[in-house]
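What follows is a set of notes on a single structure, which appears directly below.
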Amino acid sequence: MSEWFKVPVLPRDSAERKTWSRFPFGDHAKNRRVGVMYFVYVLRSIEQGRLYVGSSAEPAERLKSHNAGRVKSTKAYRPWKRVLLEEHSDRNTAEKRERYLKSGWGRRWLKEQI
């Protein structure tokens with residue numbers, strides 16, 4: 001076996017192991033904003049009636065970027081109006097709700113609500 005395939009095994013209580021992280025640029029949790037509300041929003045294309053589901057900490061700015069054509073997936077269906085806005089206490093729950101709304105059952109629920 002080549003030398004470069006060998007991975008050092010560190011003892012469980014080693015100080016070097018305690019400082020090791022799989023994220024090479026520091027703790028990934030530092031990038032999360034504390035105390036910021038996150039929003040899940042649903043947009044409807046005014047001209048074509050398509051729905052778009054997204055999440056953001058600043059939904060008003062995000063709507064402006066969608067209507068300005070800075071988002072590749074929504075650029076062709078402009079202009080957009082917001083038809084649903086949900087507030088969540090953290091990013092994780094907002095992303096879970098966004099994934100649900102993009103699923104088949106979530107789309108069905110959206111069509112019933114809107």
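Odds and ends about this structure:
- Every condition in (1) assigned to a loop (DSSP other than H, G, I, E, B); (2) of a type outside the set (Ser, Thr, Tyr); (3) in contact with a strand residue (DSSP E or B) (Cβ under 8 Å, 6 or more places away or on another chain) holds for LYS72 except the one numbered (3).
- Yes/no for VAL83 being of a type in the set (Val, Ile, Thr), surrounded by 13 or more Cβ atoms within 10 Å (Cβ to Cβ), over 19 Å from ARG107 (Cβ atoms) and touching a strand residue (DSSP E or B) at 6+ places or on another chain (Cβ under 9 Å): no
- Scanning region 91-106 for residues that are among the small types (Gly, Ala, Ser), loosely packed, with under 14 Cβ neighbours inside 10 Å and in a helix (DSSP H, G or I) yields a count of 1.
Every number here is computed from the coordinates shown, using simple stated rules; none is lab data. Keep in mind the model is a prediction, meaning the values are calculated, not measured. Note that each Cβ is placed from the backbone with ideal geometry, even for glycine, and that neighbours are counted across all protein chains shown.
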